[in-house]
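What follows is a single structure, written as structure tokens, with notes after it.
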Amino acid sequence: MTTLEAIIIAIVEGLTEFLPISSTGHMIVTERLLGVESTDFTKLFTVGIQLGAILAVIVLYWKKFVAPLKTGNWQFYFKFFIAVVPALLLGFIFSDKIDALLESALTVAITMIAGGIVLLFIDQFFRKETVTTDEQISYPKALIIGLWQCVAMIPGVSRSAASIIGGMQQQLTRKLAAEFSFFLAVPTMAAATGYKLLKGYHTLSSGDLKLFAIGNAVAFVVAVLAIKFFIGFLQKHGFRLFGYYRIIAGIILLILIGTGVIRG
């Protein structure tokens, strides 16, 4: 992997991590289009640059994360712990199978289209928005949202989309569902990234570490911009445009696979 390839993949990660269009799916396709060889390092890089995206959430919502420490309202953290447990357990148990799915562009294409169809109608499905603040999110609601997030272990589903849909199904407003998804990403992605890095850090060269540093820096800057855009766009326009995008992208990917441009 060259420095330019690392920067391009990191831009894709930053743009797509918090949008409901699947960052993993986009990075898999980007790597195939760039001709990046699938190695242990590229798999590690794909997961490792999520640290930059995590930092973007912490920086943008710093007051939200720090406020409970000042007020002693530990429920804020307990809810995230409960919501993240399902993904941590299933991610640990099915780690090898998830890695195998990361090789499949066909899986990404199918889930992109299926997820796009869902997003076309999600605003109509969940019109009843009664939960408007973090305090109103109960422990059972947090757990159910966490279970929804587990669906995103399938490449192309989108962790953001799954957890936002889960939030709206639990009657959270679109804005609160998106923000809860962002917050939930921090422990979920930190755990997944930390686990992968602990398993593979000993194989990294100084050149690999340089690519990690560049990738995370780029992913951080782009993710900050993407989060700010998404919240504003979501409040005004909803999910329909993202649904159309996913369907079109999935169809294009199927064509590329069918014509042999990308290996399925």
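The values are calculated or read from the model by the stated rules, or taken from the named source; none is laboratory data. Note that the structure is predicted; figures quoted are calculated from it, not measured. We place every Cβ from the backbone using ideal geometry, glycine too, and count neighbours over all the protein chains shown.
The figures follow:
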read-out	value
Enumeration of residues in segment 20-40 that are closer than 19 Å to ALA217 by Cα and in contact with a Gly (Cβ under 8 Å, 6 or more places away or on another chain)	THR24
Among the candidates ILE214, ILE248, ILE262, residue that is assigned to a helix (DSSP H, G or I), aliphatic (A, V, I, L, M) and within 15 Å of HIS26 (Cα to Cα)	ILE248
Close pairs (6 angstrom Cβ cut-off, 6 or more residues apart or separate chains): in contact (Cβ under 8 Å) with a residue 24 or more places away in the chain and under 10 Å from LEU106 (Cβ atoms) in segment 252-264, of a type outside the set (A, V, I, L, M, F, W, C) and surrounded by 13 or more Cβ atoms within 10 Å (Cβ to Cβ) anywhere	ILE257/GLY264; ILE262/ARG32
Failed item, numbered, when THR107 is tested on (1) surrounded by fewer than 20 Cβ atoms within 10 Å (Cβ to Cβ); (2) within 21 Å of LYS196 (Cα to Cα); (3) in contact with a helix residue (DSSP H, G or I) (Cβ under 8 Å, 6 or more places away or on another chain)	(2)
Single unsatisfied condition, VAL151 versus (1) within 23 Å of ALA223 (Cα to Cα); (2) of a type in the set (A, V, I, L, M, F, W, C); (3) surrounded by fewer than 23 Cβ atoms within 10 Å (Cβ to Cβ); (4) in contact (Cβ under 8 Å) with a residue 12 or more places away in the chain	(4)
Complete set of residues in segment 212-264 that are of a type in the set (S, T, N, Q) and either touching a His at 6+ places or on another chain (Cβ under 6 Å) or under 14 Å from ALA178 (Cα atoms) (or both)	GLN235
Single condition MET189 does not satisfy, out of (1) crowded, with 16+ Cβ neighbours inside 10 Å; (2) more than 19 Å from the chain's Cα centre (by Cα)	(2)
Single residue of segment 22-48 satisfying the filter (of a type in the set (Ser, Thr, Tyr) and more than 10 Å from the chain's Cα centre (by Cα)) that is modelled with the lowest pLDDT	SER38
Test: residue in segment 151-173 that is over 18 Å from LEU119 (Cβ atoms), modelled with pLDDT under 90 and touching a helix residue (DSSP H, G or I) at 6+ places or on another chain (Cβ under 6 Å)	yes
Residue within segment 132-139 that is touching a Leu at 6+ places or on another chain (Cβ under 8 Å), on the phi < 0 side of the Ramachandran plot, surrounded by 18 or more Cβ atoms within 10 Å (Cβ to Cβ) and assigned to a helix (DSSP H, G or I) present	yes
Any pair with Cβ under 8 angstrom, 6 or more apart, that starts in segment 225-236 at a residue that is more than 18 Å from LEU172 (Cβ to Cβ) and in contact (Cβ under 8 Å) with a residue 40 or more places away in the chain and ends at one that is in a helix (DSSP H, G or I) and of a type in the set (S, T, N, Q)	ALA226/THR16
Among the candidates LEU55, LEU19, LEU51, residue that is under 15 Å from the mean Cα position of the chain (by Cα) and assigned to a loop (DSSP other than H, G, I, E, B)	LEU19
